[in-house]
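Contents: one structure, followed by commentary.
The values are calculated or read from the model by the stated rules, or taken from the named source; none is laboratory data. The structure presented is a predicted model; accordingly, all values stated were derived computationally and were not measured. Virtual Cβ from ideal backbone geometry, glycine too; neighbours counted across all protein chains shown.
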Amino acid sequence: MKKLFFSMLAVLTLSGCVTAPFVPPTGAVSSVQAPLDLETTNKPVGKKHGSASVYTIFGLISVGDASYKAAAEDANITTIKGSDYSYLNVLGFFQKTTVHVYGD
């Protein structure tokens, strides 16, 4: 039983680590930008930039579409060559996560 408990605890604790290559820092006010695609070193990123966002209010309501598809459609990108994201947190009351894609 103990083994099962600690296994479940490990899964729950580590599952947040697989959401992105970079986990945003916590703080009263945070604003960061980081890569989503770790294989973009010295690669051309394309001429177009598209973005898509999700907004969270009070940690209770989330709205938006931050998918690659929505970001690519924003700039009529047909071939994605790179991606990153930005994250904004204001006192936990307002959060914005934006996916940025680059391509042609």
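For segment 69-104, filtered to residues that are in contact with a strand residue (DSSP E or B) (Cβ under 6 Å, 6 or more places away or on another chain) and assigned to a helix (DSSP H, G or I), the residue that is farthest from L36 (Cα to Cα) is D74.
Restricted to segment 73-94, and to residues there that are over 11 Å from G50 (Cβ atoms) and under 12 Å from the mean Cα position of the chain (by Cα), the residue that is surrounded by the most Cβ atoms within 10 Å (Cβ to Cβ) is Y85.
Among the residues making up segment 54-72, those that are in contact with a Gly (Cβ under 7 Å, 6 or more places away or on another chain) and surrounded by 14 or more Cβ atoms within 10 Å (Cβ to Cβ) are V54, Y55, A71, A72.
Might you let me know whether segment 18-25 holds any residue that is of a type in the set (G, A, S) and at pLDDT below 90?
Checked against the condition, which is being of a type in the set (G, A, S) and at pLDDT below 90, segment 18-25 yields at least one hit.
Looking across segment 38-78, the residues that are at pLDDT below 90 and hydroxyl-bearing (S, T, Y) come down to T40, T41.
Reported count of residues in segment 56-68, each being in a strand (DSSP E or B) and touching a Ser or Thr at 6+ places or on another chain (Cβ under 7 Å), is 3.
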